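To keep things clear, I will list the structure first and then write my remarks on it.
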Amino acid sequence: MQHLLIIGAASIDTKGRADQTIQVGTSTPGSIRVSVGGVGRNIAENLARLGEPVVLLSAVGDDGSGRRILQQAAERGIDTTHVLVDSEHHTAAYLAVLDDTGNAVMSIDDMGINRTLITPDFIYRRRSLFRDARMIVLDANLSTATLSTIFRLARKYGVPVCADPTTASLAPRLCPYLADLTLVTPNAAEAEALCDARVTDRESALAAAHRLIALGVRIAIVTLGATGLIYATSQESGHVPAIECEIVDFTGAGDALTAAVIFGILNDFPIDEAVRLGARAAALTLESRETVCPTLSLERLYDQLAI
């Protein structure tokens, strides 16, 4: 069976959630959790939990955090044979402060290891992984030169590419490659960065999705938080409302959505059904304290679709 090649960040997430209104300049009671994360790694784990064969291309430090990431990935069935372990750099990290509703008040990411070590040469020396891949999925935590190499190899071997823009500041790195993307899944701020247009509501999100299709993207999904999401292809578009759920933590919900939509695409689901599968995966993740829902499975997703 052909593998899915996931290229991007693997990190340790530290998330502190306040029990009450956060007061600036002083300590706020709450809970702090540490879990494995990173956009690329999150997508890889979600896809592995859905039964897809996954190869992860990333970099970690030769430290406790790196070992934890590799061990957990192996337990989930992710192939980490090609993850670079380096003793001169520390493993990537993400720090988030959440308010008492689970929304991120602020966050800091330390992803330098990815841009430093996942180089064009690193990618090119693993070109056989591209040749044998069914699909490539990447996040934007990569240098512009590395992205150029990835897309060049994808074109050479005729492999479709899906991308998570990751943040509004990183999203513009994908602009030169929109015509190469099978799927892109920005939130409102990331869609603005990709389209150079304001996204404030369903109507403007739909306009942004259509703009992405006009620029060559095959499937565009713009997520809008509690408003749900907008999707578009060259032949159809629509709105999927957010699934009502008890929100524990927003972290990782977008990665789960991306992974489940990719699963739907790979298994020839109609686009509206694939998008609804993604919305359910996001809802399950919102209800979880972990960055990837530990009970995510095809059975849970299918059960929800049948409701």
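Laid out as a table, the results:
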quantity	calculated
Selection from the range 204-247 of residues that are of a type in the set (Gly, Ala, Ser), at pLDDT 95 or above and either surrounded by fewer than 17 Cβ atoms within 10 Å (Cβ to Cβ) or not in a strand (DSSP E or B) (or both)	Ser204, Ala205, Ala207, Ala208, Ala209, Ala214, Gly216, Ser234, Ser237, Gly238
The one condition in (1) assigned to a helix (DSSP H, G or I); (2) touching a Leu at 6+ places or on another chain (Cβ under 9 Å); (3) open to solvent by 10 Å² or more (accessible area, probe 1.4 Å); (4) in contact (Cβ under 8 Å) with a residue 24 or more places away in the chain that Glu192 fails to fulfil	(2)
Filter result for Gly40 (open to solvent by less than 40 Å² (accessible area, probe 1.4 Å), touching a residue at least 60 places away in the same chain (Cβ under 8 Å), touching an Asp or Glu at 6+ places or on another chain (Cβ under 9 Å) and not in a helix (DSSP H, G or I))	no
Selection from the range 48-65 of residues that are open to solvent by 40 Å² or more (accessible area, probe 1.4 Å), part of a loop (DSSP other than H, G, I, E, B) and either aromatic (Phe, Trp, Tyr) or under 26 Å from Phe263 (Cβ atoms) (or both)	Gly51
Hits in the range 133-162 (condition: of a type outside the set (A, V, I, L, M), under 21 Å from Glu190 (Cβ atoms), open to solvent by less than 50 Å² (accessible area, probe 1.4 Å) and in a helix (DSSP H, G or I))	Thr146, Ser148, Phe151
Where His89 falls short, out of the listed (1) open to solvent by 20 Å² or more (accessible area, probe 1.4 Å); (2) over 15 Å from Gly252 (Cβ atoms); (3) touching a residue at least 60 places away in the same chain (Cβ under 8 Å)	(3)
Residue match in the range 293-305 (condition: open to solvent by less than 10 Å² (accessible area, probe 1.4 Å), under 21 Å from Thr166 (Cα atoms) and not acidic (Asp, Glu))	yes
Any hit, the range 14-36, residues being open to solvent by less than 10 Å² (accessible area, probe 1.4 Å), in a helix (DSSP H, G or I) and not acidic (Asp, Glu)	no
Criterion: part of a helix (DSSP H, G or I) and either crowded, with 18+ Cβ neighbours inside 10 Å or touching a strand residue (DSSP E or B) at 6+ places or on another chain (Cβ under 6 Å) (or both) - qualifying residue of Leu178, Leu183	Leu178
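The values are calculated or read from the model by the stated rules, or taken from the named source; none is laboratory data. Since the structure is predicted, the reported quantities are computational estimates derived from the model, not experimental observations. For neighbour counting, all protein chains shown are included, and Cβ atoms are generated from backbone atoms with ideal geometry for every residue, glycine included. These accessible areas exclude ligands, DNA and RNA; they are computed on the full protein's heavy atoms, side chains included. Shrake-Rupley method; radii C 1.70, N 1.55, O 1.52, S 1.80 Å.
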